[in-house]
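Values in this text are rule-based calculations from the coordinates and carry no lab data. Everything numeric in this text was worked out from a predicted model, so none of it was measured. A quick note on method: Cβ atoms are made from the backbone with ideal geometry, for glycine too, and the neighbour counts reach across all protein chains shown.
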């Protein structure tokens, strides 16, 4: 069993051709269409006027279990006499799709299996490797934050790009209502809560590749409940004019 004319198309892009039992490069595509001709030669006694099967499997990594991608049932009438006596030949054209998300970053494999009517399986020695390029991504640190009651201390938020294609410089869009920017670099911002009493919003960062948004990360923000520690100080008795003071107010708080 020998595959030939193996070609594939990533996300509708121009076709790529595989030489021999070579590599199928999914790049960063989400869907890849693969087609090939599979030349199968066997003996008349193996087919025995019964149905046989052609399977195509993939493994998401070299050591993983097989996942069926294609099945073709072959009626006995599809076979033609082979080059040698008592042999048969069949060469179907097959096509199927796979997704890059189904494979590990370290790469996987594609293999062909012929099953005789008796259930005996024969695996083609021609096995294809499958590689992919992880899509551009980034991380935001921290991704959650708890502020103390009344706290307005500045915090540094940092982004770390990953899997950025060569020659591409990503841009990042920040959204941080309720925060005041006090400093920044290309990959970080120093933000300070605009108020110690009002909860600032979630911080949102969007990664853009060639002007196209590719991923969004957020940092959720919470604040400790305001502890009512205020109290009135002054004389316990009032016989004439006295001064009383309300103590323990946070910055920006008032009493009416």
Expressed in angstrom and ordered largest first, the alpha-carbon extents of region 77-226 along the principal axes are 90, 37, 22
Dividing the mean separation of Cα pairs under 8 Å (6+ apart) by the residue count of the chain yields a relative contact order in percent of 15 percent
Between the modelled labels at residue 102 and residue 43 (7 Å from Cα along Cα→Cβ) the distance in nm is 3.4 nm
Residue separation between residue 201 and residue 21 times 0.36 nm, minus their alpha-carbon distance, gives in nm 59.4 nm
With bins of 5 Å, the percent of all Cα-Cα pairs of region 2-131 per bin from 0 is 2, 10, 20, 22, 18, 12, 9, 5, 2, 0
Subtracting the Cα-Cα distance of residue 84 and residue 241 from 0.36 nm times their residue separation yields 44.3 nm
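Once every DSSP H run of n ≥ 4 in the chain is given -39500 (n - 2.57) and the sum is divided by its residues, what mean residue ellipticity at 222 nm do you get, rounded to the nearest 500 deg cm²/dmol?
Roughly 0 deg cm²/dmol at 222 nm, from the helical runs in the chain.
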Scoring region 2-131 by relative contact order with C-alpha pairs under 8 Å, at least six apart, yields a percentage of 31 percent
Distance in nm between residue 169 and residue 222 label points, each 7 Å along Cα→Cβ, equals 4.0 nm
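Pull up the DSSP beta bridges for the chain and report the antiparallel fraction as a percent, rounded to 5.
Looking only at bridges with both residues in the chain, the antiparallel portion is about 90 percent.
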Length gained if residue 118 through residue 181 is fully extended, taking 0.36 nm per residue and subtracting the Cα-Cα distance, is 15.4 nm
